[in-house]
1. Could you give me the residue pairs with C-beta distances under 6 Å whose first residue belongs to the stretch 277-292 and is within 14 Å of Asp128 (Cβ to Cβ), whose second residue is open to solvent by 10 Å² or more (accessible area, probe 1.4 Å) and among the polar types (S, T, N, Q) wherever it lies, and which are 6+ apart or on separate chains?
2. So Phe555 fits all but one of (1) hydrophobic (A, V, I, L, M, F, W, C); (2) modelled with pLDDT under 85; (3) in contact with a helix residue (DSSP H, G or I) (Cβ under 7 Å, 6 or more places away or on another chain); what number is the exception?
3. Could you check the stretch 1-36 and list, in sequence order, the residues that are of a type in the set (Ser, Thr, Tyr), open to solvent by 40 Å² or more (accessible area, probe 1.4 Å) and within 23 Å of Ser95 (Cβ to Cβ)?
4. Please specify each residue of the stretch 121-156 satisfying the condition of being assigned to a helix (DSSP H, G or I) and either over 25 Å from Ile442 (Cα atoms) or among the small types (Gly, Ala, Ser) (or both).
5. Ile131 passes all but one of (1) in contact with a His (Cβ under 9 Å, 6 or more places away or on another chain); (2) farther than 30 Å from Pro392 by Cα; which number fails?
6. Out of Leu53, Leu61, report the one residue that is crowded, with 16+ Cβ neighbours inside 10 Å and within 30 Å of Ala336 (Cβ to Cβ).
7. Looking at Thr400, is it more than 23 Å from Phe521 (Cα to Cα), modelled with pLDDT of 85 or more and under 26 Å from the mean Cα position of the chain (by Cα)?
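The values are calculated or read from the model by the stated rules, or taken from the named source; none is laboratory data. Computed from a predicted structure; not experimentally measured. Cβ placement follows ideal geometry from the backbone for every residue including glycine, while neighbour counts extend to all protein chains displayed. Keep in mind that these areas ignore ligands, DNA and RNA; they rest on the heavy atoms of the full protein, side chains included. Shrake-Rupley method; radii C 1.70, N 1.55, O 1.52, S 1.80 Å.
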Amino acid sequence: MIRHTTREAFTIWLVTSESVAPDITVKVGQQSCAGNTTHEHIQVGEHAFVNLLTFLPEQPLDTAQRVEYELQFAAAEQQTDWQRTLSTLLYPGQSALNFWVPETLSNVLHGSCRKPHHQDNDSLLRVDGLIAQELAGEQKRPDMIIMTGDQIYADDVAGPMLQAVLQTVSNYGLFHENLEQAVIPNTEDLIGHPYCYYHRQQILPQVATNTALSKLFFGAKKKPVFTSVNAQNHLIGLAEVLAMYLLVWSDSPWEEIAFNAEEVPPAFRSKFEQELGTIEAFASQLTQVRRAFAHIPNYMIFDDHDVTDDWNLTRGWEQEVYGHPLSRRMVGNALAGYWLCQGWGNSPEKFESIYQLASESFTPDGLTKHEDFIDALFDWEEWHYGLDTQPPVQVLDTRTRRWRSESSLNKPSGLMDWEALCEFQQQTFGKDAVIVVSAAPIYGVKFIEVIQKLFTLAGKALTVDAENWMAHKGTASVILNIFRHYKTPPHFIILSGDVHYSFVYDVRLRFRRNSPKITQFTCSGIKNTFPNTLIRCLDTLNQWFYSARSPLNIFTRRRNMSVHDRHPDCAPNQALLNRAAIGQLLIDPDCEEVRCLALCSDGETVEFPPESDVDN
């Protein structure tokens, strides 16, 4: 997978079955490119090593020419194995892998929420198609792809996928770990356990309802610590998390997978068989997904399902989850998996201290100092990052630096605290334009936000996933003031996901002549959708209650802003598109024209033209 890429260096993420340090050879055009390869790796299993290779050219890479790269292994056997793998990663007529160095951005892909057992097709196949078109002589491929959250679903796993996870753990000897205050003493004991499939909620921690929050939600003596409604197959150990990443990004592990419905409880075998067809179809397309990842720079940021549903949503949630050794370990394991498979490659130079600690924690004999490693990840405050492109990109951490409510345990936390927002503001000042990546939309659907507010007032924020930028007064005030500040970039593009539907807003400041041009493009999910009847109803009600003339607009926190929705060209009477898709952002050099397209998983391309005059 091609990760962080600049003219001065590019990084490749890969997993190998042996401890190897391949060299990278590079050609730009027809000329060989001299340079050095640095290699860092973490052993995560007996036959599994997560590698980060960085190529440092002697001269900056040319952004106007395609860069070809090859891996060279010292041992003949390893090189032979690699050549066999390489043949599945090349497009017709290719002899080497290749990519473009992104510097001036004009074509950016983004998307979130890729759930393997969702019935829709995988939208990442559209990325593979765009690259294939360029190599066949058509238009240039996109500059990069930004994954805006929920790259995996650690808390919502189909039975056949969990079976594949456990077999992958065994096949690669991924390291197991001891657990505290758990039904099982070690993650290895999950294999063959009667609660392993569809009953993991029996293994997950429960606590006494000894707080007002607990009694309000559950009204019983015991309540589950995790709030995910699909926790029957929740991933627990780090080995399971890492296996999930391998299985959603590569076809290779699936070669050794054999499904067996007899291993699951009889009551769930019918469900297992129903899920099996969807999982097999998902796996059959991974060769194209893996090929695409090897040909386009890829950047990522977490959202809740990469860890667990409602991750850090309220102060009460945090107290319950981090107060129990097992749930704390599970969140830590998911965060460790995120760093190894996603975060590390976003900005490798930032993580040197984490890498050093990981090198001490992951040993050939298994996990040591695992709790210390998790503690370091919990304390880390540098998950956000920026890209020095034109326009620059700022990727926000909206999960770990929360603005906690001081008045109530069950009020939603702000998605970023005051310090983080001030840092973000300083990073955008003085720019002509900026692309901001926020997992959750900064400008949400007002009617849905009202519903979330009503549930929050009733003490049930977790029931409706009340995570939006306007849910916390402090965060909402600061982020809106940033847009109103006179130093705010005149062109502001927001990319977001999370919500399982897609929409585009054009935002301007009311009563101000020189308002910044703000465009928010929300595209979600890559392989997920919202319940169709419900989203159509919510879309209609939002347009009714929050039309341009509605007096209800004055009661919103955004009353000083004019928010115009763009209607998709396939449904002019709707503002929300409920299709599995990946977003394509097309911008001109001055960011004056911003085109937003949804590349749907069924092959259709839907555009959101900036024609609507509906002020919602």
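1. Thr287/Thr88; Arg290/Ser250
2. (3)
3. Within the stretch 1-36, Thr25, Ser32 qualify.
4. Leu125, Arg126, Val127, Asp128, Gly129, Leu130, Ile131, Ala132, Gln133, Glu134, Leu135
5. (2)
6. Leu53
7. In short, yes.
Results for (1) more than 30 Å from Pro194 (Cβ to Cβ); (2) in contact with a Ser or Thr (Cβ under 9 Å, 6 or more places away or on another chain); (3) assigned to a helix (DSSP H, G or I); (4) of a type outside the set (Gly, Ala, Ser), shown as yes or no for each residue.
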| position | (1), (2), (3), (4) |
| --- | --- |
| Leu276 | no, no, yes, yes |
| Ala281 | no, no, yes, no |
| Glu318 | yes, yes, yes, yes |
| Val321 | no, yes, yes, yes |
| Glu360 | yes, yes, yes, yes |
